[in-house]
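The values are calculated or read from the model by the stated rules, or taken from the named source; none is laboratory data. Remember, predicted model here, so these are calculated numbers, not experimental data. Because the Cβ atoms are built from the backbone with ideal geometry, glycine has one as well, and the counts that use them run over all protein chains shown. These area figures cover heavy atoms from the full protein model, side chains too; ligands, DNA and RNA do not enter into them. Shrake-Rupley method; radii C 1.70, N 1.55, O 1.52, S 1.80 Å.
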Amino acid sequence: MSQQVKGVIARSKGAPVEVVTVNVPDPGPGEALVKIRTCGVCHTDLHYREGGINDDFPFLLGHEAAGTVEAVGNDVTDVAPGDFVVLNWRAVCGHCRACKRGEPQYCFDTHNATQKMTLDDGTELSPALGIGAFAEKTLVAAGQCTKVDPDADPAAAGLLGCGVMAGLGAAVNTGAVKRGHSVAVIGCGGVGSAAIAGARLVGANTIIGIDFDDMKLEHATEFGATHTINSKDLDHDGVVAAVQELTGGFGADVVIDAVGIPATYKQAFYARDLAGTVVLVGVPNPEMTLELPLIDFFARGGALKSSWYGDCLPSRDFPMLVDLFRQGRLPLDRFVSERVGLDDVDAAFDKMSEGGILRSVVEIS
């Protein structure tokens, strides 16, 4: 059995997205059918449309979502019909070497629904990050559903499904920012602003937002940046010197690169204090390479880390962060720049590419 719903697909590389009829199977073992309420428009979905992830077209786009569980497979016990959930793209397996050593946030065998959603002609769809939430309903692995407070605004809570969690987790989980630390964040879009919000949440003393867009720097200040640096007219040395000037001449304890290109990574590397930490959360293109003197790696010490999904454990982090939002301590709602419909996804991609907004959120039900 299956249901027919509306969904947004990318049929071929670079083509405009289409709203089409999607066949969604009833959930089988280990699966959940979720009625989508909201889904954020993320850069990753644009990368799928442009063929930057892989070429498994057609894609059912959307992954940063919140919704209500409608049905589950007969062996599912962690969530039930009626539960309000945020979807995640890392369903923890519980059996891999990371899980067995007590580090499920690094699970190396995350999984998705077994059954495929299809077009009317039977063509199988590839759901973005195993979710495919630009749709009225989607089929996911039950472990991709994290139950949270049902009174939370779905548009805000759903952003934990990707961008906000990636940035906030890069600061709190990967970078281990602590009270009194100095933090610099390069790139103050949605992910970078979330990293700033995370640094503020845990009590960082000096929080520096770096970008070449004044509007993004305004966002950085709203989320907790104590200082901002407009890098538009600064070269590498200028950015490093500006961070050092704001940190007693030393550099920041933690520098987060939310851009992910060689130039910004080098800035992050040299803008940190001795024994400081660099966290890469911006996603590089596969063609990018980095060249640095090996002696500088040795001489500066510290840690160089990559942040996968903010090194989050959804079952631990999502409910806690939604509670902090409900308490007024984490401004998730400020990331929502506009609320749009399924027909507006391509326009939202254009606005995202132009800059000036943090997140367009598709409201479905």
Worksheet entry | Lone qualifier among VAL336, VAL340 - being modelled with pLDDT of 95 or more, more than 19 Å from the chain's Cα centre (by Cα) and of a type in the set (Val, Ile, Thr) | VAL340
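Please specify each residue of region 80-101 satisfying the condition of being of a type in the set (A, V, I, L, M), open to solvent by 10 Å² or more (accessible area, probe 1.4 Å) and touching a residue at least 40 places away in the same chain (Cβ under 8 Å).
VAL92
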Worksheet item: Of these, VAL85, VAL76, which one is more than 20 Å from TYR309 (Cβ to Cβ) and modelled with pLDDT of 95 or more?
Response: VAL76
Response to the item:
Exactly one of ASP109, ASP149 is assigned to a loop (DSSP other than H, G, I, E, B), closer than 29 Å to PRO331 by Cα and open to solvent by 40 Å² or more (accessible area, probe 1.4 Å), and that residue is ASP149
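Would you point out the residue of region 205-237, among those that are assigned to a loop (DSSP other than H, G, I, E, B) and either without any contact (Cβ under 8 Å) to a residue 12 or more places away in the chain or on the phi > 0 side of the Ramachandran plot (or both), that is least open to solvent (accessible area, probe 1.4 Å)?
To start, the set of residues in region 205-237 that are assigned to a loop (DSSP other than H, G, I, E, B) comprises 205, 212-213, 223-226, 231-235.
When the remaining residues are screened for being either without any contact (Cβ under 8 Å) to a residue 12 or more places away in the chain or on the phi > 0 side of the Ramachandran plot (or both), the result is 224, 233-235.
On the way: GLY224: 12, ASP233: 139, LEU234: 69, ASP235: 98 Å².
Ranking the candidates gives GLY224 first.
Residue by residue, here is whether (1) acidic (Asp, Glu); (2) touching a residue at least 60 places away in the same chain (Cβ under 8 Å); (3) in contact with a strand residue (DSSP E or B) (Cβ under 9 Å, 6 or more places away or on another chain) holds:
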{"residue": "LEU294", "(1), (2), (3)": "no, no, no"}
{"residue": "CYS312", "(1), (2), (3)": "no, yes, no"}
{"residue": "SER315", "(1), (2), (3)": "no, yes, yes"}
{"residue": "PRO319", "(1), (2), (3)": "no, yes, yes"}
{"residue": "GLY341", "(1), (2), (3)": "no, no, yes"}
{"residue": "ASP344", "(1), (2), (3)": "yes, no, yes"}
{"residue": "ALA347", "(1), (2), (3)": "no, no, yes"}
{"residue": "ASP350", "(1), (2), (3)": "yes, no, no"}
{"residue": "SER353", "(1), (2), (3)": "no, yes, no"}
Response to the item:
Note: among VAL240, VAL185, VAL164, just one is open to solvent by less than 20 Å² (accessible area, probe 1.4 Å), farther than 19 Å from VAL281 by Cβ and either part of a helix (DSSP H, G or I) or of a type in the set (A, V, I, L, M, F, W, C) (or both), namely VAL240
Worksheet item: Within region 11-60, how many residues are farther than 30 Å from PRO81 by Cα and aliphatic (A, V, I, L, M)?
Response: 4
